[in-house]
Structure formats: C-alpha cells, structure tokens
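The values are calculated or read from the model by the stated rules, or taken from the named source; none is laboratory data. Keep in mind that what you see is a predicted model, and the values were worked out from it rather than measured. As a convention, Cβ positions derive from the backbone with ideal geometry for all residues, glycine included, and neighbour counts pool all protein chains shown.
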Amino acid sequence: MVKQDRALRTRTAIIRAAAVEFGQSGYDGTSLARISKTAGVSMGSLGFHFVTKAEMADAIQEEGGHLIRALVEQVTVRTAPPLTRVADLALDLVRLLETEPSVRATARLARERAAPSVWPSSWLSAVQDLLTEAHTADQLRNSALPGDVTSLVEHLINGAEAHLYARPETEHGHEGIVRQLERVWNLALTGVSREQLA
C-alpha cells in the first residue's frame with residue numbers, strides 16, 4: 001500500500017510538472033529531462049510512469065479535460081439565464097486557463113499536436129447550446145445568430161489564452177485577464193456604437 005501511494009504521488013508530481021512545462025514551452029520545447037527536474041524525480045522513475053512524451057501529454061489532456069468538463073457541467077446546470085451562463089462559462093474557463101496548469105497545457109497542446117483534443121470540443125458545444133437557448137428566449141438581437149455569437153465567444157477565450165502567453169502574470173496581477181475579459185464581454189453585450197451602422 002505504501003508503494004502504491006508513493007507511485008501515485010510520483011505520477012501526480014510528474015503530470016503537474018509536465019503540465020507546467022508544456023504550458024510554458026509547448027510540446028516541442030519541453031524535454032523529458034526538464035520534466036524530470038521540475039518534478040524532482042529521476043529519469044528512470046519518469047520512464048516507469050510514462051514511456052513517451054506523447055503518453056504524458058495525453059495524460060495531461062485527460063486531466064485538463066476532466067477539469068473543463070466538470071466546469072461546463074457546473075455552469076450549464078445553473079438556473080441563471082442562458083446568456084449569463086455563457087458569460088460565466090467564458091470567464092470561468094479563462095480563470096481555469098490562468099490558474100490551472102493542466103488546463104493551460106491542454107489548450108496549448110491542442111494547437112501543437114495532431115492528436116485529438118478536448119480543447120475546445122469540451123466547452124464549445126455547451127456555448128453553442130446555451131446561445132441557442134438564449135436566442136429562443138429572445139435574449140439575443142435577431143441579427144445576433146447563435147453561431148456568430150459562438151464564434152465571438154471562441155475568439156474571446158482564445159484571445160485571452162494568447163494574452164496569457166504574451167504577457168507575464170505579474171503584469172496584470174492574478175485576476176487581470178479575467179477582469180479584462182469581463183469588461184470586453186460587457187462591451188460586446190452592450191455594443192460600442194451609439195448609432196446603427198449601415
């Protein structure tokens with residue numbers, strides 16, 4: 001039992017370290033030696049738990065996907081109006097990107113690897129469904145089609161993710177990008193023009 005507990009702790013440490021490294025340096029920019037050092041384990045121990053870097057990336061994406069799906073489930077079952085739930089989901093996803101290394105790595109690995117990914121498939125269909133509900137509930141203008149607003153939300157979330165890589169956390173503080181996205185989302189909801197554009 002003690003060996004199993006230690007093996008589980010080691011595997012967890014490796015996944016956590018790999019998530020940090022993949023999130024910072026990407027798939028190609030991360031070496032097994034770097035993960036081993038960050039996790040504080042030997043290369044032999046690393047190899048015992050994960051034979052390849054791809055296997056490790058799959059484990060991280062599985063963990064990140066689990067966190068994302070749990071968040072989606074939590075937000076979609078709320079009783080708030082659908083458009084409010086879309087905003088909550090977008091903000092909470094960005095908060096997860098900012099604070100959870102496995103989610104950040106999952107998003108980055110989705111762009112860098114040919115393997116199937118849970119990002120954005122684990123949240124995008126929920127956004128689409130909620131926006132369809134919002135449209136049916138007359139929460140959207142007639143010109144704001146659910147598919148178009150889904151694209152807007154996807155771009156906002158992907159832009160927030162890109163912003164996390166472009167600017168260090170210290171530049172805006174811990175909640176900086178979430179607060180920025182909240183302001184941008186409110187701007188998108190209210191519009192920027194005083195007059196109808198031709």
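Odds and ends about this structure:
- Options A19, A33: the member that is of a type in the set (A, V, I, L, M) and either touching a Pro at 6+ places or on another chain (Cβ under 8 Å) or touching a residue at least 12 places away in the same chain (Cβ under 8 Å) (or both): A19
- The single condition among (1) over 16 Å from T106 (Cβ atoms); (2) part of a helix (DSSP H, G or I); (3) under 25 Å from the mean Cα position of the chain (by Cα) that F22 does not satisfy is (1).
- Pairs are defined by a Cβ separation below 7 Å, a sequence spacing of at least 6 or placement on different chains, a first member in region 141-168 that is of a type in the set (A, V, I, L, M, F, W, C), and a second member that is buried (at least 18 other Cβ atoms within 10 Å of the Cβ) and not in a helix (DSSP H, G or I); the pairs so defined are V149/L140.
- Filter result for F22 (among the aromatic types (F, W, Y), buried (at least 17 other Cβ atoms within 10 Å of the Cβ) and within 23 Å of L97 (Cα to Cα)): yes
- In region 158-179, the residues that are among the small types (G, A, S) and modelled with pLDDT under 55: G173
- Test for L32: is it in contact with a Ser or Thr (Cβ under 6 Å, 6 or more places away or on another chain) and over 24 Å from S125 (Cβ atoms): no
- Residue that is farthest from R179 (Cα to Cα), among those in region 49-61 that are in a helix (DSSP H, G or I) and not aliphatic (A, V, I, L, M): H49
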